[in-house]
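For reference, the structure discussed in these notes is given below.
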Amino acid sequence: MDQIDEKILELLGANGRMTSSEIGKHVHLSVPAVSERIRKLEEAQIIDKFTVRVNREQIGLHLLAFIMVQLEKPEHVAGFREMIAQTPSVRECHHIAGSYDYLLKVALKNTSELELLISEQIKRVEGVAKTNTMIVLSTMKEEM
């Protein structure tokens, strides 16, 4: 990966719908050359996928929160991960080091939905020992 590839990634990160022609103008390459570089970045799995970023506020998801989860024993991991995979409000799940085992980023309509998620879903998973929730007041920077 060279500086041109980095610039292509930067441009696509800002606008995933940018055409090869538009990118070519920025990096001074032909459309076929840009297309070939993008193809190689995909093959190398540097570009994982092209997607759309939805404004969660506009679709009614006004509450963003982070939930840290501690599991009692390693044998409870599979059940916890299965529940997380099936829960649309969980936008991200990270296995972390420290006092807690997982960090979840969740987007919901309101605090009532957050309460139901924590009480009726997360804490009902066998082996969930403890949770700690932080509600986001505002976001200064959020990137994909």
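One table, with the values for the structure above:
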quantity	calculated
Cβ pairs under 6 Å, 6+ apart, first in the stretch 79-106 and assigned by TED's automatic domain parsing to the domain that holds residue 65, second among the polar types (S, T, N, Q)	100/70; 101/70; 106/89
Members of the stretch 70-114 that are of a type in the set (Gly, Ala, Ser) and either surrounded by 13 or more Cβ atoms within 10 Å (Cβ to Cβ) or more than 23 Å from residue 54 (Cβ to Cβ) (or both)	78, 79, 89, 97, 98, 99, 107
Odd one out for residue 100 among (1) part of a loop (DSSP other than H, G, I, E, B); (2) more than 20 Å from the chain's Cα centre (by Cα)	(2)
Considering residues of the stretch 31-51 that are exposed (fewer than 12 other Cβ atoms within 10 Å of the Cβ) and basic (Lys, Arg) only, the residue farthest from residue 109 (Cα to Cα)	39
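Yes/no per residue for (1) surrounded by 12 or more Cβ atoms within 10 Å (Cβ to Cβ); (2) free of Cβ contacts under 8 Å to residues at least 60 places away in the same chain; (3) not charged (D, E, K, R):
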site: 15; (1), (2), (3): no, yes, yes
site: 29; (1), (2), (3): yes, yes, yes
site: 53; (1), (2), (3): no, no, no
site: 116; (1), (2), (3): yes, yes, yes
site: 120; (1), (2), (3): no, yes, no
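The values are calculated or read from the model by the stated rules, or taken from the named source; none is laboratory data. Please read these numbers as outputs of a predicted model, since none were measured by experiment. Cβ coordinates were reconstructed from backbone atoms using ideal geometry, including for glycine residues, and neighbour counts include every protein chain displayed.
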